[in-house]
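The values are calculated or read from the model by the stated rules, or taken from the named source; none is laboratory data. Remember, predicted model here, so these are calculated numbers, not experimental data. Methodologically, a virtual Cβ is constructed for each residue, glycine included, from the backbone with ideal geometry; neighbour enumeration extends over all protein chains shown.
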Amino acid sequence: MLTLDTNQARAADNRMIVITETGKYIGTITRAEKLTSTQGTLGLGLSFKADDGSTANYLDIWIRKANGDDLFGLKTVNAMLACLRVRGAEEGQIEFNAWDKNTKGMVRRKAPGYPALMGKRIGLLLQKVKETDDKGNDRDGIVIYAVFQADTELTASEVLDSKTTPEKLPKMLQALMLNPVRDNRKKSATAMPAPAQSSGFADMDSDIPF
């Protein structure tokens with residue numbers, strides 16, 4: 001006899017689905033890793049799990065060159081902090097799931113990162129990109145286009161201005177869907193993708209409402 005086990009039935013839906021399409025997603029930060037490239041560029045390595053179970057494991061944001069020059073990604077990170085209502089995140093050890101090429105599966109890994117960001121809920125507009133890898137091969141990827149507050153859908157500038165009604169996100173989403181795929185294949189493979197939409201974050205301590 002076959003008997004319905006509702007837990008088993010629900011578990012059947014929980015297969016790993018990788019986010020590959022442009023759109024609006026709300027979910028949880030599952031990795032906030034401190035990154036340093038071979039050229040000394042600093043970055044924030046993000047992994048994200050949407051509420052529907054789909055994942056984006058390599059939403060890496062490069063924020064500052066080795067010579068101290070800021071990159072556009074710094075605006076995105078500041079927008080994220082504003083949307084999370086976090087003034088800063090200290091470095092520390094984090095643990096997260098990562099792909100292991102030897103076992104060809106996900107394993108638990110520890111690395112330097114930002115524990116205060118782990119498990120936080122965030123909203124992301126993600127854009128599909130076509131790019132060229134370091135071997136000259138074309139590939140598809142996903143990058144962060146914009147950030148918003150998960151519960152209110154307010155953008156960073158709206159949070160900082162103490163707005164209560166989200167007005168910018170619908171316009172940002174509309175602009176994104178007019179150009180759902182960004183082609184970076186003609187650019188240098190080492191170029192780091194930058195969101196086309198300004199984060200709206202201003203570095204003014206006296207204006208931070210939290």
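Looking for something under 13 Å from the mean Cα position of the chain (by Cα) and touching a residue at least 60 places away in the same chain (Cβ under 8 Å) - is there at least one such residue anywhere in segment 101-117? The answer is yes; a qualifying residue exists.
Quick grid of which residues meet (1) in a helix (DSSP H, G or I); (2) of a type in the set (Lys, Arg); (3) within 21 Å of ASP161 (Cβ to Cβ):
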site: THR76; (1), (2), (3): yes, no, yes
site: MET80; (1), (2), (3): yes, no, yes
site: ALA89; (1), (2), (3): no, no, no
site: PHE96; (1), (2), (3): no, no, no
site: VAL107; (1), (2), (3): no, no, no
site: LYS128; (1), (2), (3): no, yes, no
site: GLU131; (1), (2), (3): no, no, no
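Being of a type in the set (Lys, Arg) and either under 24 Å from ALA156 (Cβ atoms) or touching a helix residue (DSSP H, G or I) at 6+ places or on another chain (Cβ under 6 Å) (or both), is that true of even one residue in segment 81-90? Yes, segment 81-90 contains a residue that is of a type in the set (Lys, Arg) and either under 24 Å from ALA156 (Cβ atoms) or touching a helix residue (DSSP H, G or I) at 6+ places or on another chain (Cβ under 6 Å) (or both).
Within segment 28-74, can you find the residues that are part of a strand (DSSP E or B) and of a type in the set (A, V, I, L, M)?
So the first thing to find is which residues in segment 28-74 are part of a strand (DSSP E or B), and the list is 28-36, 42-50, 54-56, 61-64, 70.
Answer for segment 28-74, where residues must be part of a strand (DSSP E or B) and of a type in the set (A, V, I, L, M): ILE29, ALA32, LEU35, LEU42, LEU44, LEU46, ALA50, ALA56, ILE61, ILE63.
Assess whether THR132 counts as being over 21 Å from SER47 (Cβ atoms) and at pLDDT below 95. Yes. Summed over segment 130-160, the residues that are over 24 Å from ASP60 (Cβ atoms) and either among the basic types (Lys, Arg) or surrounded by fewer than 14 Cβ atoms within 10 Å (Cβ to Cβ) (or both) give a count of 1.
Of everything in segment 145-166, what is among the charged types (D, E, K, R) and touching a helix residue (DSSP H, G or I) at 6+ places or on another chain (Cβ under 7 Å)? Give them in sequence order.
GLU153, GLU158, listed by residue number.
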